[in-house]
Amino acid sequence: MANRHTIILMQTSQNRATRTFMDYNSISQAMDGICGLYERKLKDLNPTIGNITYDITDLYNFIDGLTDLSALVYDHSIQAFLPYDRQWIKQRIFQHLKKLASR
């Protein structure tokens, strides 16, 4: 699963103008990117707090609050991108954070 080009497709509100994408070299980097989006939002909402903490439920609520979120992951064996949904992203984030916590 390492080094699999991953594109995150996202829409933050009902406004179609909020559609965007983020491009990463691996699934792991993509999961870091989604966590970083949430962390930046927390910092924007709480500018006076220096050290902000959150748990997986907070992150899941952020993900569920997005109008749309999906991933396209490149599969070398078929030379094409495979689509994955919000639930898959949440599972991958959980695995990713669990791996980071065990280091």
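The values are calculated or read from the model by the stated rules, or taken from the named source; none is laboratory data. Everything quoted here is computed from the prediction, not taken from an experiment. Here the Cβ is made from the backbone with ideal geometry for all residues, glycine too, and neighbour counts use every protein chain on show. The accessibility values were calculated without ligands, DNA or RNA, using every heavy atom of the protein model including side chains. Shrake-Rupley method; radii C 1.70, N 1.55, O 1.52, S 1.80 Å.
Keeping all protein chains in place, calculate the accessible area per residue for region 10-55 (probe 1.4 angstrom), answer in Å².
Ligands and nucleic acids excluded, the figure is 69 Å² per residue.
Just to be sure I understand the model, the point goes 7 Å from the Cα along the line to the Cβ. What's the resulting Ile52 to Ser77 distance in nm?
Calculated label separation equals 4.0 nm.
Kirkwood Rh, the chain, all Cα pairs: how many Å?
The Cα-based Kirkwood calculation yields 14.5 Å.
Just need the relative contact order of the chain here, percent rounded to a whole number, with Cα pairs under 8 Å and 6+ apart.
RCO, the chain: 30 percent.
With all protein chains present, how much of the accessible area of region 6-102 (probe radius 1.4 Å) comes from carbon and sulfur, to the nearest whole percent?
51
Once amide H atoms are placed 1.01 Å from N in the peptide plane, what residues at a sequence separation of 5 or more from Phe81, or on another chain, have their amide H within under 5 Å of its amide H?
Here Asp75 satisfy the definition.
Can you return the aspartates and glutamates within cross-link range of Lys98? Criterion is Cα-Cα under 19 Å, with same-chain partners fewer than 8 residues away left out.
Reachable aspartates and glutamates: Asp32, Glu39, Asp55, Asp58.
Can you run phi through the Karplus equation (6.51, -1.76, 1.60; θ = phi - 60°) for region 41-52 and list ³J(HN,Hα) in whole Hz, with x for Gly and Pro?
Once θ is set to phi - 60°, the couplings for region 41-52 become 5, 4, 5, 5, 6, 10, x, 8, 8, x, 10, 9 Hz.
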